[in-house]
Every structure is written in C-alpha cells, then in structure tokens.
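For reference, the structure discussed in these notes is given below.
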Amino acid sequence: MAKTGTTTQGLRAAIERSGYYPALVAEAVEAAVGGEPVASYLVHQETTFDSNEVRRHVTVLVLTEHRFVVSHTDEQAADTSSPTPSATTSTESVKLDRISSVVVSRVVANPEKYVPGSLPREVVLTIGWGAVSRIDLEPAACGDPNCEADHGYTGSSTADDLSLRVSEAGDGPDAVRQTLAFAQSLSEATAATASGR
C-alpha cells in the first residue's frame, strides 16, 4: 500500500491508514522532518514471507524544500534472545544536493500495445545519495581464448541506498500511481537544486 500527498496532516493520516505501528512511525518521521513543510511524501507498507514467518515493514519517504527524509520500520518476533516482540525504526535525513540519482524502472505488459499515460505493471524506485554502494566484481579477461594470464578484476559500483518496488498486482494501481508521482516530485526537486533554483 502506498500513499502520497503534500501536507504534514496528510502524511500523519497516511501513516495511520497504513496501520503499521502508526504512533511509533509517525513520531520518528515527524522528529526527522521537524518544522519543515512537507512538499511530498510516500508511505509504503509491505508484507514479506520469510520461511515460515510473515514479516511486515513500512517505508516512509518525505520531501521537504531542502531535504529528503527516509524512514524504515521493521518488526522482529520474539525469540530465544528476546522474549518479547520488538520493532526497529530508523530515519535518515539527506540534503537534496547530495542525491546523485533517482531511477524509475517501469515494467509494462505488451509493450507493442502501450498507450502513453497507461500505468506500468510494476515500478521500482531507486534513490542514491552515496551512503551505500554495491560493487560487482568479476575476473577480467582478454580477447585471447588461450590466454592464461591473470588480468585482475573488472567491475562496477552502483549507488544502492534505497530501492522500493511497487506492483499493480500486489499493491494496487493507486500505489503505482503514487510512487510515480513521488518520484517525479523528487526528480524535479533534485533538478532544481542542481541548477541552483
């Protein structure tokens, strides 16, 4: 489920509608946002299945005039090391000029029949600001199939701070639409920051 909008009151209401520890999530998000007006937000609650366990978590993305705030809350079931269930919530505040990439991947069915304005079947929003990078390495090789020399390694580094997947089948068409709207707001804000506006 994803909810988006542009007011602090709307953000609080969307967190409450998600039904996922709303008092805990709202307090953490509101503390991180402080007194800044909310320009846009996205609340995405997701349920995953891990072996024989159902796990829920919520991600809240908030855009203000100068910052991007991301909050993530997970729950942990009681186990031998902790006799009571618990939840962990974290927030990170990123200055807009630090955001290096906003990637929107769209999956559409039957692309040959695509009509502009149609909703994609799935959207993956990836945002990078340099806090986390993924490095993929593989042995380097030359063009000689008989060469046995060690050519070292080659690879790539990818910003991978946040990746959020929303699908029409799992989350509904409104969630896909709202994710695209937030991504556009964030892209526009980072472009304005980069140009000094």
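General remarks:
- Close pairs (6 angstrom Cβ cut-off, 6 or more residues apart or separate chains): at pLDDT 95 or above in the range 26-39, open to solvent by 70 Å² or more (accessible area, probe 1.4 Å) anywhere: 26/12
- Selected residue [modelled with pLDDT under 95, out of contact with any helix residue (DSSP H, G or I) (no Cβ under 6 Å at 6 or more places or on another chain) and under 19 Å from residue 43 (Cβ atoms)] from 126, 154: 126
- Set side by side, the residues 3, 95 differ, and just one is more than 22 Å from residue 172 (Cα to Cα), in contact with a Lys or Arg (Cβ under 8 Å, 6 or more places away or on another chain) and either modelled with pLDDT under 95 or surrounded by fewer than 19 Cβ atoms within 10 Å (Cβ to Cβ) (or both), which is 95.
- The numbered conditions (1) assigned to a strand (DSSP E or B); (2) without any contact (Cβ under 8 Å) to a residue 24 or more places away in the chain are all true for residue 16 except (1).
- Subset of the range 13-52 that is acidic (Asp, Glu) and either within 20 Å of residue 93 (Cα to Cα) or out of contact with any helix residue (DSSP H, G or I) (no Cβ under 7 Å at 6 or more places or on another chain) (or both) - its residue that is most open to solvent (accessible area, probe 1.4 Å): 27
- Residues (hydrophobic (A, V, I, L, M, F, W, C) and part of a helix (DSSP H, G or I)) located in the range 19-44: 23, 24, 25, 26, 28, 29, 31, 32, 33
- Of 60, 70, all but one fail to be open to solvent by 10 Å² or more (accessible area, probe 1.4 Å), under 21 Å from residue 128 (Cα atoms) and of a type in the set (Val, Ile, Thr); the exception is 70.
- Tally of residues being open to solvent by 40 Å² or more (accessible area, probe 1.4 Å), in contact with a strand residue (DSSP E or B) (Cβ under 7 Å, 6 or more places away or on another chain) and either among the polar types (S, T, N, Q) or within 26 Å of residue 189 (Cβ to Cβ) (or both) across the range 102-121: 5
The values are calculated or read from the model by the stated rules, or taken from the named source; none is laboratory data. From a predicted model like this one, the values you see are computed outputs, not experimental measurements. Please note: Cβ atoms are built from the backbone with ideal geometry, for glycine as well, and neighbour counts cover all protein chains shown. What goes into the accessible areas is simple: the full protein's heavy atoms, side chains included, and nothing from ligands, DNA or RNA. Shrake-Rupley method; radii C 1.70, N 1.55, O 1.52, S 1.80 Å.
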